[in-house]
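Below: one structure, written as structure tokens.
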Amino acid sequence: MPQAPTTSSGQTTLLEHPDLTWRDDGQPVANDFDDPYFSVENGLEESRYVFLHNNGLPQRWQQWQGPFCITETGFGTGLNFLMAWQSFRQNAHPDCWLHFTSIEKFPMSLTQLQQAAALWPELADLYDKLLQQYPQPTAGFHSLCWPEERVQLTLVLADVHDALPQLHGPVHAWFLDGFAPSRNPDMWQQPLFDHIRRLSNHGQGFLDQDEHTETHQTTLATFTAAGIVRRGLKGAGFKVSKVPGYGRKREMLSAYYHRTTGPERPAHFSKTPWLHWQRSTSAANTHSQTAIVIGAGLAGCTTARALAERGLQVQLLDKDGIAEGASGNPQGGVYIKLAANDQATHTDFYLAAYQTSLKWMSRLLSSDEWRPCGVLQLGWSEKEASRQCNFLNKVSYPDSLIKPLTQQQASAQADCEMAAGGLFFEQAGWASPAAFCKALVQHPNIHFQTATVSQIVREESQWQVQLNDGRTLNADHVVVATANSTRSLLPNNHLPTKSIRGQLSYLSAEHTPALNTVLCGRSYMAPPHNQRLVLGATYNLNDDEQQLRDADHSTNLGYLADFGPAWKTLSEAALKDPEVRNKLLIGGRVGFRCTTPDYLPIAGPVVMDQSFFDSYQPMVKNAKTVPPQPAPVHTGLWVNLGHGSRGLCSAPLCAEVLAAEITGSSLPVSKTVREAILPSRFLLRDMVRRKVSRDELSDIVSGG
Ligand code: SAM
């Protein structure tokens, strides 16, 4: 059996492609399992029969409104996913959204996938769409989305036994694929069935009785009728039927989750009950729901877009207009700084966020607003060079994701002599955050208005947003995405964000050396656009000066020296000679980043701090005493903030996560990543690590 690199630390690593034999009839066979990927007779028809028909599809889609979530074991050639998509396209209710999650330990290479695609001409256009977004073979969660088709794929590249514990559910239908139990016994083990049960039990304890109608019950289909699978599913609370298999195959299994079978445990009895909370609406018809998003920067605009695409009517409000705050910079590098092993969750989040962001950029921006010219992180100091070296020794990524470059290679890449080598992100580049925000709000379900919010109050089952001009607006959900102003809109909350002032300097391209790629040293600089280079930004805590400062321009000009000899000469001249400086420096901009202590953004429901404290109080004394209580949240009130200087990279994935939370869909990120970005994490850490008392908490949340 081939061994995939271990992911036990959660560190993202490179996975192996399968070893395949292509039969004369074009069918792929996995040599390590000695098993074909699908029936040699008619794989497409078999897929339809086994997985669609036996899950009651497409009929269930005809009525279904809101997200319909399928989880598959074994993505393989993507045939099951694409045949489901094809049927969804033809049959689903216009208010239904398909979220397909598939787990794969040995992802096919692009070439292998292309070869498999050639077998199914009727799926050609869907294979094209998949191939355009097909991820690098790095372990972890990959989010692919086709909002115009109302289809989303979360591809989890990992062993099923590592992936399943990281899934949240709900799952409305299971496609239990994977090679036959006799050929792949490692996969068909008890933990598989335990997690199938956990993820099928999604409504338990939280949903109204009427959600457990037949259409909403979780169903499951699998090609095998092996005893071990039948018994495993029965033990997991399923009613299992043996039904005729496809073609010459005698039998297969069709099943549905039956909540009265076996002992039931509500989801919040898990080890991490604070990850569960009461949902606001029962039947999730997203199209009849409304949302107000406050703040039209990157966080707000991406959230508004993700919700609008899922059918919600969204009112977007901002006191200053679209992208007038820190998100209004003319150019920003789309890049990430990855840490070595000790911060695996940080890496998991940023790597997934980065890849998601690249897709959003190419989908929404023109070539004038998004330039994937690459980003070069220079090893500009000994410390940075050794950090990069350390990082490369611990992880392995495909070159197209991150490639180490020597000083010579870096110079060739940048078209200009560099001071050092570094890490090159080939697919990255720069984008205009302001243009991105403006493009995001171009959607018929988004209605923007310039308005100042004075208060947010709960009125019966809706939220009421009161405006300074005396008007009030109502919605089912409110998302507060107002960066550093969020605390004043949500009094009594434990969101320890800090404002950090950043000043950019604009340089005249007439007076600078050539540059082909985005450079990062102590500052970043993008290639010229409209005859101007953007350099920066400074980093000042506790500083609310709105005006440009000469001293900060000098700091930026000083950092130019990190990039290479020509830049160093320019830096020295500009700092010494006012004439050079005046010609070179043609403006700047001040913005205020909203940062968090753990460098991860905050996206999720707003918790009721005091009740949260009371619910989990035993954990202050002993972190292992976890009361089985769901998290007390302000139902329907959400935040998205704390993106620091990385909003271009982090905002799209956070928006997808929030949209999934709000619409009750399964999530595009792992449980670990979701927990790492939840607003409640600071409160929980203070309780468990700092052992805060209830009184101390009152001081903290009231800003004391
Ligand atoms: N559903 C696929 C399709 O539509 O092409 C065919 C699936 S093929 C029969 C089985 C898949 O399960 C293979 O791609 C294989 O690599 C994957 N697989 C096998 N064992 C696995 C494991 N332990 N974890 C995750 N994936 C696994």
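The set of residues in region 212-240 that are modelled with pLDDT of 95 or more and exposed (fewer than 14 other Cβ atoms within 10 Å of the Cβ) comprises Gly227, Arg231. Pairs meeting the criteria (first residue in region 545-562 and closer than 13 Å to Gly591 by Cα and modelled with pLDDT of 95 or more, second residue among the β-branched types (Val, Ile, Thr) and part of a loop (DSSP other than H, G, I, E, B), beta carbons under 8 Å, at least 6 apart or on different chains) are Asp552/Thr538. Here Leu119 fulfils each of the conditions (1) within 11 Å of the ligand (Cβ to nearest atom); (2) more than 17 Å from Leu153 (Cβ to Cβ); (3) touching a His at 6+ places or on another chain (Cβ under 7 Å) apart from (3).
The one condition from (1) in a loop (DSSP other than H, G, I, E, B); (2) touching a strand residue (DSSP E or B) at 6+ places or on another chain (Cβ under 7 Å) that Ser367 does not meet is (2).
Check Leu600, Leu584 and return the single one that is of a type in the set (A, V, I, L, M, F, W, C), more than 30 Å from Val701 (Cβ to Cβ) and not assigned by TED's automatic domain parsing to the domain that holds Ala651. Of the residues listed, the single one that is of a type in the set (A, V, I, L, M, F, W, C), more than 30 Å from Val701 (Cβ to Cβ) and not assigned by TED's automatic domain parsing to the domain that holds Ala651 is Leu584. Among the residues that make up region 318-332, is at least one of them crowded, with 24+ Cβ neighbours inside 10 Å, part of a helix (DSSP H, G or I) and among the hydrophobic types (A, V, I, L, M, F, W, C)? The answer is yes; a qualifying residue exists.
If you check Asp543 against the conditions, is it closer than 30 Å to Asp699 by Cα and either surrounded by fewer than 17 Cβ atoms within 10 Å (Cβ to Cβ) or aromatic (Phe, Trp, Tyr) (or both)? So Asp543 fits the description; yes. The conditions of being of a type in the set (D, E, K, R), closer than 21 Å to Pro372 by Cα, touching a residue at least 12 places away in the same chain (Cβ under 8 Å) and in contact with a helix residue (DSSP H, G or I) (Cβ under 8 Å, 6 or more places away or on another chain) are not met by Glu426. Taken as a whole, the structure leaves Phe448 outside the set of residues that are within 30 Å of Leu467 (Cβ to Cβ), modelled with pLDDT of 95 or more and crowded, with 22+ Cβ neighbours inside 10 Å.
When region 92-119 is filtered for residues that are within 22 Å of the chain's Cα centre (by Cα) and of a type in the set (A, V, I, L, M), the ones remaining, listed by number, are Leu98, Ile103. Consider region 574-611 and keep the residues that are in contact (Cβ under 8 Å) with a residue 40 or more places away in the chain and among the small types (Gly, Ala, Ser). The one that is farthest from Leu351 (Cα to Cα) is Gly587. Being over 16 Å from the mean Cα position of the chain (by Cα), in a helix (DSSP H, G or I) and away from the ligand (no atom under 12 Å from the Cβ) is the filter here, so list the residues in region 147-189 that pass it. Once the filter is applied, which keeps residues that are over 16 Å from the mean Cα position of the chain (by Cα), in a helix (DSSP H, G or I) and away from the ligand (no atom under 12 Å from the Cβ), region 147-189 yields Glu148, Glu149, Pro165. How about region 278-301: which of its residues are modelled with pLDDT under 95 and buried (at least 22 other Cβ atoms within 10 Å of the Cβ)? Answer for region 278-301, where residues must be modelled with pLDDT under 95 and buried (at least 22 other Cβ atoms within 10 Å of the Cβ): Ala284, Thr286, Gln289. Among the residues making up region 359-413, a single one is among the basic types (Lys, Arg), under 30 Å from Arg305 (Cβ atoms) and over 21 Å from the mean Cα position of the chain (by Cα): Arg371.
Regarding Val692, is this residue in contact with a strand residue (DSSP E or B) (Cβ under 7 Å, 6 or more places away or on another chain), in contact (Cβ under 8 Å) with a residue 60 or more places away in the chain and among the aliphatic types (A, V, I, L, M)? So Val692 does not fit the description; no.
Scanning region 414-425 for residues that are under 29 Å from the mean Cα position of the chain (by Cα) and surrounded by fewer than 18 Cβ atoms within 10 Å (Cβ to Cβ) gives no hits. Among the residues of this structure, Glu104 counts as one that is surrounded by 23 or more Cβ atoms within 10 Å (Cβ to Cβ) and assigned by TED's automatic domain parsing to the domain that holds Asp159. Within region 160-187, residues that are free of Cβ contacts under 8 Å to residues at least 60 places away in the same chain and assigned by TED's automatic domain parsing to the domain that holds Gly227 reach partners that are assigned to a loop (DSSP other than H, G, I, E, B) and away from the ligand (no atom under 12 Å from the Cβ) with beta carbons closer than 7 Å, at six or more positions or on different chains, in the pairs Pro181/Ala226. Going through (1) at pLDDT 95 or above; (2) closer than 22 Å to Pro372 by Cα; (3) surrounded by fewer than 19 Cβ atoms within 10 Å (Cβ to Cβ) one by one, Val518 falls short only on (3).
Assess whether Leu144 counts as being in contact (Cβ under 8 Å) with a residue 40 or more places away in the chain, within 16 Å of the ligand (Cβ to nearest atom), within 18 Å of Leu667 (Cβ to Cβ) and assigned by TED's automatic domain parsing to the domain that holds Thr218. Yes; evaluated as a whole, the condition is true for this residue.
The residues listed here are Asp609, Asp577; of these, the one that is under 17 Å from Pro679 (Cβ atoms) and of a type in the set (D, E, K, R) is Asp609. Each residue in region 251-273 was checked for being closer than 23 Å to Arg231 by Cβ and at pLDDT 90 or above, and 7 pass. For Gly644, the criteria (1) at pLDDT 95 or above; (2) touching a strand residue (DSSP E or B) at 6+ places or on another chain (Cβ under 7 Å); (3) under 30 Å from Lys359 (Cβ atoms) hold in every case but one, which is (1).
Take region 634-666 and flag every residue that is crowded, with 24+ Cβ neighbours inside 10 Å and aliphatic (A, V, I, L, M). Correct list: Val639, Leu641, Leu648, Ala651, Leu653, Ala655, Val657, Leu658, Ala659, Ala660, Ile662. Residue count for region 395-423 satisfying the condition of being free of Cβ contacts under 8 Å to residues at least 24 places away in the same chain and assigned to a loop (DSSP other than H, G, I, E, B): 1.
The values are calculated or read from the model by the stated rules, or taken from the named source; none is laboratory data. Every value quoted in this text rests on a predicted model; they were computed, and no experiment measured them. Because the Cβ atoms are built from the backbone with ideal geometry, glycine has one as well, and the counts that use them run over all protein chains shown.
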